[in-house]
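Below: one structure, written as structure tokens.
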Amino acid sequence: MENSSNKIVGYVLLFLGLMIIFWGIYFSYLIFTAKKEAPKVFSYTSEGVVNLNKEDIEAVSDEGIIIDKSRLSDPNYLKSLEIQQKGQLEDAIKDQMGNQIKEIIPEEFVLKLLNLSSWSLFIFILVFAGGKISGLGIKLIKN
């Protein structure tokens, strides 16, 4: 009696493990053939992002470093001006590089890549678990 109940449980576990594996493979097929979209684990919201119009940009760029002509003979003042200029130059370079990177690699591409990667990791875990469950079922059937 115990042997037949072990075989029944073994077949149930084998069937369950295979169903988990085939379900994961089927949905992966749908996602990678673009019939279904990958689950959105990662998303981008534009909250907190300030969009500047052209007038705002011109107003910001017209502001420069305020130079006190009476202190031009002070070497420390000249060094602080130089540091301010370098800081502005570095900020301008960072902004330009950021804009170029956004043009080359759009945010939507990165999000899709992250979502597909997370789906692939999930399916790997699911197939591994399904294999272990099926393996337990096979052991029960053999005994």
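Could you tell me whether any residue of region 70-82 is among the small types (Gly, Ala, Ser), surrounded by fewer than 10 Cβ atoms within 10 Å (Cβ to Cβ) and part of a helix (DSSP H, G or I)? For region 70-82, residues among the small types (Gly, Ala, Ser), surrounded by fewer than 10 Cβ atoms within 10 Å (Cβ to Cβ) and part of a helix (DSSP H, G or I): present.
In this structure, is residue 7 modelled with pLDDT under 70, of a type in the set (Lys, Arg) and either closer than 26 Å to residue 91 by Cα or touching a helix residue (DSSP H, G or I) at 6+ places or on another chain (Cβ under 9 Å) (or both)? Judged against the criteria, residue 7 is not a match. In the set 118, 134, only one residue is over 21 Å from residue 32 (Cβ atoms) and surrounded by 13 or more Cβ atoms within 10 Å (Cβ to Cβ); that residue is 134. Of all the listed residues (92, 59, 34), the sole one being of a type in the set (Gly, Ala, Ser), more than 27 Å from residue 137 (Cβ to Cβ), modelled with pLDDT of 85 or more and assigned to a helix (DSSP H, G or I) is 92.
The set of residues from region 124-138 being closer than 11 Å to residue 21 by Cα and not aromatic (Phe, Trp, Tyr) comprises 125, 126, 127, 129, 130, 131, 132, 133, 134. Just a yes or no: is a residue in region 113-132 over 17 Å from residue 29 (Cα atoms) and either in contact with a Cys (Cβ under 9 Å, 6 or more places away or on another chain) or β-branched (Val, Ile, Thr) (or both)? Checking region 113-132: not a single residue is over 17 Å from residue 29 (Cα atoms) and either in contact with a Cys (Cβ under 9 Å, 6 or more places away or on another chain) or β-branched (Val, Ile, Thr) (or both).
The values are calculated or read from the model by the stated rules, or taken from the named source; none is laboratory data. Computed from a prediction, not measured in an experiment: that's the story for all the values here. Note: ideal-geometry Cβ built from the backbone for every residue, glycine included; neighbour counts use all protein chains shown.
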